[in-house]
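Engineer: Have a look at this one.
The values are calculated or read from the model by the stated rules, or taken from the named source; none is laboratory data. The shown structure was predicted, so the numbers you read here are calculated from the model rather than taken from an experiment. Quick reminder, even Gly has a Cβ in these numbers, built from the backbone with ideal geometry, and neighbours come from all protein chains shown.
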Amino acid sequence: MAITYTWSISNMQHEISDGAVITAHWYCLGTDADLISARSYGTTSYTPDPSAAGFIPYDDLTEEIVLGWVHGSVDKDATESAIAAKIDAIANPTTADGVPWAA
């Protein structure tokens, strides 16, 4: 089952005074060839030092940079595996709801 994963940043919290990002809200959407999808959502926290070499203020960030931070904090493979399991459960259910007399 081939699944396409799309990682995105949905929001960030930053200090107005220096542009230091303190939280990033992310999600990963997985979609298979049959258009069955599932997602995972999370938040990562940071304690940036604006005087440190390599500091990037809020206004200069790209989604790719922040996703790099997220992937450094979150187990990307485990997240995608959990999404794949959700998709598999949807595609191959083992339980069903209903009553036999209302068919």
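Engineer: Mind checking which residues of the stretch 65-89 are loosely packed, with under 15 Cβ neighbours inside 10 Å and β-branched (Val, Ile, Thr)?
Structural biologist: Ile65 - this is the single residue of the stretch 65-89 that is loosely packed, with under 15 Cβ neighbours inside 10 Å and β-branched (Val, Ile, Thr).
Engineer: Please indicate, with yes or no, whether at least one residue in the stretch 69-78 is farther than 22 Å from Ala38 by Cα, at pLDDT below 95 and either part of a helix (DSSP H, G or I) or of a type in the set (S, T, N, Q) (or both).
Structural biologist: Checked against the condition, which is being farther than 22 Å from Ala38 by Cα, at pLDDT below 95 and either part of a helix (DSSP H, G or I) or of a type in the set (S, T, N, Q) (or both), the stretch 69-78 yields no hits at all.
Engineer: Next up: Kindly indicate which of Ile22, Ile16, Ile3 is touching an Asp or Glu at 6+ places or on another chain (Cβ under 6 Å) and aliphatic (A, V, I, L, M).
Structural biologist: When all the criteria are applied, what remains is Ile3.
Engineer: On to the next question. Which residues, counting only those in the stretch 52-80, are of a type in the set (Val, Ile, Thr) and touching a helix residue (DSSP H, G or I) at 6+ places or on another chain (Cβ under 9 Å)?
Structural biologist: If the condition is that a residue be of a type in the set (Val, Ile, Thr) and touching a helix residue (DSSP H, G or I) at 6+ places or on another chain (Cβ under 9 Å), then Ile56, Val70 are the ones that fit.
Engineer: Would you be able to tell me the number of residues in the stretch 1-59 that are assigned to a strand (DSSP E or B) and over 22 Å from Ser81 (Cβ atoms)?
Structural biologist: 8
Engineer: Mind listing just one residue for me: the one in the stretch 29-54 that is surrounded by 14 or more Cβ atoms within 10 Å (Cβ to Cβ) and over 28 Å from Ile3 (Cα atoms) and, of those, nearest to the chain's Cα centre (by Cα)?
Structural biologist: Tyr46
Engineer: Taking Gly98, is it without any contact (Cβ under 8 Å) to a residue 24 or more places away in the chain and in a helix (DSSP H, G or I)?
Structural biologist: It is false that Gly98 is without any contact (Cβ under 8 Å) to a residue 24 or more places away in the chain and in a helix (DSSP H, G or I).
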